[in-house]
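Take a look at the structure below.
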Amino acid sequence: MSISHAGGASTVIDSILFRDAFGTQGMRGLFSDLALIQRYIDVEVGLANAQARMGVIPADAARVIERESRIDRIDLDHMRHETDIVGYPILPLVHQLVQMCGEAGRYVHWGATTQDIMDTAVALQVRDALDSVEADIRDLRAILAALAKKHRSTPMAGRTHLQQALPVTFGYKVAIWLAMFDRHQQRLAQLRPRVAVVQFAGAAGTLASLGDKGLEVQQALAQELGLGVPATTWHVARDGFAEAVNLLALITGSLGKIALDIMIMASTEFAEVYEPFVKGRGASSTMPQKRNPISSELMLAAAKAVRQHAGLMVDAMVQDFERATGPWHAEWIAIPESFVLTAGALHQAKFALAGLIVDEARMAHNLGISKGLIVAEAVMMGMAPHIGRQQAHDVVYDACRTVNEHGGTLADALAALPEVTRHFDRAAIDRMTDPANYLGLAPQMVDRALALSADFGA
């Protein structure tokens, strides 16, 4: 069967094959064409009702506009054709709404400009999309909190520069992930009043067409739509939307960090964690043994893509005078794609982390592969009160060289040195060289992170 070149989607956002890997049905729905057009209509209806309340247009006209302005009556093909000509979708929409509303149609879009309607519609989309993102973050925080609690004291090798450094616990690692998303939820709450605001200001942003009623109508429209009132017109002040997408970049950036940790830890040589087993998931077409970390790979890809859009949104803040010539259009690309990709990444994270398989035995094995060298610092600090810090450093350094050059364990090398056995018996040496006895305050840090997260609210 052949597939028409004109059929189907051309990006992963709406692809038949990839859309549920890179997004979610719910978020795609919020930013779909029909949802956006409905938001345009919601704003036009809300504007009519607000103006009727303020005595700007007749109340009967507003009632007709609200009753007759229905998306199922829109000729979408004609609207698309006219949008191609005009360059914006609002005038084509208004033409059809005017016809629907008969005599009352003369009051549709009264005193508004195209960008007023489009910006307010997107503010409504972003408001609802942030609700979805926040719900996902709450779910993810609960998953991470449970994982951190379960593995509060599970020892593993801490790594710096991809080298074993000092022992930590897996719960400590997860608590760091949890704290990131606590902060993201705080950022999201702080962002809302800056981005969920109405845009109604007229052609050059001064509301001149409504005389002395402009600010009253703006306030009434905000109330109709459940949005805030901005301090000034924001036709060319795009920091709110830019902040929203940059928050998504932070969220997906954190997901990318988690994904990278999981992917490395799931490698054959580490084998410490695995994504949940689903028959066939992560399979290779040629290597039956493969179990690729698919969710983590998708999270990392989303992080890279949203980061690019975050940069685009910052670039689009540079706008000329009172109405911009082109940067505004870049937002039409960046905002929907960023939210869909973020929703997809959060979905993958919830799946991967809720069912994460943790191999505690393998973590313990990897912690022991250095034959005790990973706790050389612990031995040095344990010996220092008896022989001085610098001499302890030199003794342990020599013992480490013995292990590296001749094999054996750090405990064996230390037990062969009179400077050590003069102060420590073999049992004390074994205790000093056991990585599980040198976790620092990692478990207590898990407790603190969990308590702070719980206080903040799940």
key: Residue-wise HN-Hα coupling along the stretch 170-183, computed from phi with Karplus coefficients 6.51, -1.76, 1.60 (Hz; x: Gly, Pro)   = 5, x, 4, 4, 5, 4, 5, 4, 4, 4, 4, 7, 4, 5
Helix 389-406 vs. the chain, principal-axis angle (Cα, 0 to 90°, nearest 10) = 90
note = Per the charge dipole of the chain (beta-carbon charges, Lys/Arg positive, Asp/Glu negative, Cα centre), the residue among GLN99, LEU353, HIS329 reaching farthest to the positive end is LEU353
request  = Please give the helix 376-387 orientation as an angle from the longest Cα principal axis of the chain, in degrees from 0 to 90, rounded to the nearest 10.
outcome  = 50
request  = For the chain, give the magnitude of the charge dipole about the Cα centre (Cβ charges: +1 Lys/Arg, -1 Asp/Glu; no others), in debye to the nearest 20.
outcome  = 1100
query = Which ³J(HN,Hα) values, rounded to whole Hz and listed in residue order, are derived for the stretch 415-426 from phi using the Karplus coefficients 6.51, -1.76 and 1.60 in 6.51 cos²θ - 1.76 cosθ + 1.60 with θ = phi - 60°, glycine and proline given as x?
reply = 5, 8, 9, x, 4, 8, 5, 5, 10, 9, 7, 5
inquiry  = With equal scatterers on the alpha carbons only and no solvent term, can you work out the Debye log10 of I(q)/I(0) for the stretch 53-121 at 0.15, 0.16, 0.24 1/Å?
reply    = -0.50, -0.57, -1.15
ask   = How big is D, in µm² s⁻¹, for the stretch 373-432 by Stokes-Einstein at 10 °C and 1.306 mPa s if Rh is the Kirkwood radius over C-alpha pairs?
value = 143
remark   = Listing VAL126, VAL56, VAL174 by rising number of other beta-carbon atoms within 10 angstrom, fewest first, gives VAL56, VAL126, VAL174
query = Computed from the mean reciprocal separation of all distinct C-alpha pairs, what Kirkwood hydrodynamic radius does the chain have, in Å?
reply = 26.1
query = What percent does the relative contact order of the chain come to when contacts are Cα pairs within less than 8 Å and at least six residues apart?
reply = 18
Cα long-axis angle, helix 76-86 against the chain (0 to 90 degrees, to the nearest 10) = 90
key: Residue-averaged 222 nm ellipticity for the chain, from DSSP H runs of 4+ at -39500 (n - 2.57), nearest 500   = -20500 deg cm²/dmol
request  = Kindly provide the Kirkwood hydrodynamic radius of the stretch 15-74 in Å, to one decimal, from all pairs of distinct alpha carbon atoms.
outcome  = 13.4
task = Quick one: what are the phi-derived ³J(HN,Hα) couplings along the stretch 340-351, Karplus 6.51/-1.76/1.60 with θ = phi - 60°, whole Hz, x for glycine and proline?
result = 5, 5, 5, 4, x, 5, 5, 4, 5, 5, 4, 5
ask   = Can you give the charge dipole size of the stretch 74-129 about its Cα centre, rounded to the nearest 20 debye, using +1 on the beta carbon of Lys and Arg and -1 on the beta carbon of Asp and Glu?
value = 120
inquiry  = Can you list residues from other chains, or at least 5 along the same chain, whose modelled amide H is less than 5 Å from the amide H of THR24?
reply    = GLY344
task = Please report how far the C-alpha centroid of the stretch 240-281 lies from that of the stretch 320-396, rounded to the nearest whole angstrom.
result = 10
task = Provide the descending list of Cα extents for the stretch 328-423 along its principal axes, expressed in whole angstroms.
result = 74, 33, 25
Ordering of 181-191, 385-395 by packing [mean C-beta count within 10 Å, highest first] = 181-191, 385-395
ask   = For the stretch 373-432, what relative contact order do you get, as a whole percent, if you take Cα pairs closer than 8 Å and at least 6 residues apart?
value = 31
query = Taking H as built 1.01 Å from N, whose amide H comes closer than 5 Å to the amide H of GLY158, not counting residues under 5 places away?
reply = ALA165, LEU166, VAL168
task = Would you please put 252-259, 233-240 in order of how densely packed they are, using the mean number of other Cβ atoms within 10 angstrom per residue and starting with the highest?
result = 252-259, 233-240
ask   = Where the only charges are on Cβ atoms (+1 Lys, Arg; -1 Asp, Glu), what is the dipole of the stretch 373-432 about its Cα centre, to the nearest 20 debye?
value = 140
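Read-outs throughout are calculated quantities, based only on the coordinates presented, and are distinct from any laboratory measurement. Just so it is clear, the structure is predicted and the values come from calculations on it, not from any experiment. Glycine also receives a Cβ, built like all others from the backbone with ideal geometry; neighbour counts cover every protein chain displayed.
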